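Notes follow the structure.
The values are calculated or read from the model by the stated rules, or taken from the named source; none is laboratory data. From a predicted model like this one, the values you see are computed outputs, not experimental measurements. All Cβ positions, even for glycine, are placed from backbone atoms using ideal geometry, and neighbour counts span all protein chains on display.
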Amino acid sequence: MLNAKTPQSAVLETLRGFSEGRMSRNGAMLALDVDYSELHDLMAENGFSLPELSDADAASEGWKMANFLAARGV
């Protein structure tokens, strides 16, 4: 849960950094002391979009999902 003592300016800067790809998802979650669903909600509430995946990251995630499904016979 977001620490109520965290200044709003720090929250917004963290969200902006994550949105612009200057901060990792884990870094943003640690900085704000939130889980991914809370981070996602904060991003939406404050008008920030999620960062885009690079082509390499998207391909890697695709292979991970394909391997996961194949291991389960899907």
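Could you check E38 against (1) modelled with pLDDT of 95 or more; (2) exposed (fewer than 13 other Cβ atoms within 10 Å of the Cβ); (3) in a helix (DSSP H, G or I); (4) not aromatic (F, W, Y) and say which number it fails?
E38 satisfies all of (1) modelled with pLDDT of 95 or more; (2) exposed (fewer than 13 other Cβ atoms within 10 Å of the Cβ); (3) in a helix (DSSP H, G or I); (4) not aromatic (F, W, Y) except (2).
Are there any pairs with C-beta distances below 9 angstrom linking a residue in the range 18-30 that is part of a helix (DSSP H, G or I) to a residue that is of a type in the set (V, I, T), with the two at least 6 apart or on different chains, and if so which?
G27/T14; A28/T14; A28/V34
Out of all the residues in the range 1-23, which are surrounded by fewer than 13 Cβ atoms within 10 Å (Cβ to Cβ) and of a type in the set (S, T, N, Q)?
N3, Q8, S9
May I ask you to list the residues in the range 16-30 that are among the charged types (D, E, K, R) and farther than 13 Å from L50 by Cβ?
At the first step, the residues of the range 16-30 found to be among the charged types (D, E, K, R) are 16, 20, 22, 25.
Correct list: R22 only.
Please name all residue pairs, on different chains or six or more residues apart, with Cβ atoms under 9 Å, provided the first residue is in the range 54-69 and is at negative phi and in a helix (DSSP H, G or I) and the second residue is exposed (fewer than 10 other Cβ atoms within 10 Å of the Cβ) and not charged (D, E, K, R).
Pairs found: F68/V74.
Can you say whether S49 is surrounded by fewer than 11 Cβ atoms within 10 Å (Cβ to Cβ) and under 12 Å from the mean Cα position of the chain (by Cα), as far as the supplied structure shows?
Numbers: surrounded by fewer than 11 Cβ atoms within 10 Å (Cβ to Cβ): yes; under 12 Å from the mean Cα position of the chain (by Cα): yes.
Yes, satisfied.
If you go through the range 5-17, how many residues are in a loop (DSSP other than H, G, I, E, B) and polar (S, T, N, Q)? Walk me through how you get there before you give the answer.
Initial filter on the range 5-17 (in a loop (DSSP other than H, G, I, E, B)): 5-7.
Right, trim to polar (S, T, N, Q) and you get 6.
Counting residues in the range 5-17 that are in a loop (DSSP other than H, G, I, E, B) and polar (S, T, N, Q) gives 1.
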